[in-house]
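A short write-up of the structure that comes next.
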Amino acid sequence: MSAPLRYALIGATGIGAYHLAALRKLEETGRLRVVAVADPALAKDEALAADLAARGVAAHLDYRAMLRGEAGLDVVVISAPIPLHLEMTTACLERGLFVYLEKPPVPLIQQLETLLAAKGQERVGVGFQMINARWVQELKAGIVAGALGQLQEIRIGAAWPRLDAYYARNSAAGKMTLRGEPVFDGPATNALAHLIHNAMYFAGETQTGFGVPEEVTGALYRTRAIESYDVASLRCRFPSGVRLTAALAHATEEPFPFQVEVRGTAGRARVSGDGTIFESDRITFDSRPETFEELVEKTHRQFLAFVQGAQPFAATSLEDTRGYLLATNGLLLSSGGIHPVAADSIRTYRRGEEGGYNVAGLHEAVRATVETGALFTDLGLPWAVETPPVSVHDLKTIDFASLASS
Ligand SMILES: NC(=O)c1ccc[n+]([C@@H]2O[C@H](COP(=O)([O-])OP(=O)(O)OC[C@H]3O[C@@H](n4cnc5c(N)ncnc54)[C@H](O)[C@@H]3O)[C@@H](O)[C@H]2O)c1
């Protein structure tokens, strides 16, 4: 067997801890070894620093020092905050390394274009691990096999309430920019971004392909006193004529576990309960649940096979995220910035020590989006704002600075 691939991890706490755990399980196969970790938090996290030292893993506070100092690295896993993704990925590609990059790859379409123009960009895999969920693969296989007839519509709804601590979790939370770098934090572009990426996957015409929308309509709304948004209503039209409608929110008191409905000329399929309930007249699902940890490990296994040449592609390449970026950037463009929800539609609530925000009628509107394919404006919500459709065909850049401040 060849020598184990030499892995490094940038960002070791938060989601990084899950990556470290997954990589340690894969170390048992003898195919890789985590040789270095870079994270400024190691200056204070004595337990992690001691654990790394005990395993002979080099600890760095600065990722650039790690890239300069560690000879013979093969793969870097980037699990650092979103505004750092572009510079870190660029630095890794300049050294000819493979990169497993946490989602979202970057916030802006122009940043994706920059990465796609970089030498070695095909060595990047993006960690949208939900693509590897059994139900996502089964639904996609059913669509591609024509089980639902001609694909017509994809609908998505989710309300995952987020309380004060979520917005205090790090300095990028609830921000559009941080120290001049784009963040674009919010349900469609962070916590529920997987659902938009999955929708692009369902719209793709082959088992491994991703759809790219040509027109986007929608609006972003702000309920809390944040720079960014906590409610999104989105419609995308694909060149095939397929339509995606999505409602994604953090500003409800009651959760609405995600629902995905896919409709074709011959039938429909719905997955709900955050991927635990399956209904379809035409597709049979294997409903065994999978944990977040299992999906992260599966995605690492797949990326490892890609690095070793045993698989021709990573689950999600940079180019595969074009649809996600055009959907979310087109949404901001169509929205023309972020719209405040009228104060008389907002109620605050407490959960123990923490506060949350609830928008009147939002929970019902998320459900209605899945049931009818309506945008919030179609549902007559008093705070919903009519916005124009924008063409994202060939969209290469958006004026983020002015959109982020309007
Ligand atoms: N795949 C998923 O389902 C999923 C879920 C949550 C978050 N994420 C993504 O994971 C990434 C990290 O998110 P998080 O919530 O763990 O963030 P976080 O703010 O907790 O930061 C992660 C780690 O990065 C470190 N870090 C900060 N600055 C750094 C620097 N300059 N160099 C090296 N390390 C640095 C932090 O100290 C921390 O250990 C983001 O892209 C986020 O969107 C993915």
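A few comments on the model shown:
- For the chain, the carbon plus sulfur part of the accessible surface works out to 52%, probe radius 1.4 Å.
- The relative contact order of the stretch 5-130, computed from alpha carbon pairs under 8 Å that lie at least 6 residues apart in sequence, is 23 percent.
- The chain, accessible area per residue, ligands and nucleic acids excluded (1.4 Å, Å²): 40 Å²
- Environment charge of A133, counting only residues whose C-beta is closer than 10 Å and scoring Lys/Arg +1, Asp/Glu -1: -1
- Gyration tensor verdict on the stretch 24-93 (Cα atoms; rounded if a/c is under 1.5, prolate if a/b is larger than b/c, oblate otherwise): oblate
- Cross-link partners for K298 among the lysines, with Cα-Cα distance under 19 Å and sequence neighbours closer than 8 places in the same chain left out: K25, K103, K140.
- The chain, relative contact order [Cα under 8 Å, separation at least 6], %: 19 percent
The values are calculated or read from the model by the stated rules, or taken from the named source; none is laboratory data. Being a predicted model, the structure only gives us computed values, none of them experimental. Please note: Cβ atoms are built from the backbone with ideal geometry, for glycine as well, and neighbour counts cover all protein chains shown. Surface accessibility is based on the protein's heavy atoms, side chains included, excluding ligands, DNA and RNA. Shrake-Rupley method; radii C 1.70, N 1.55, O 1.52, S 1.80 Å.
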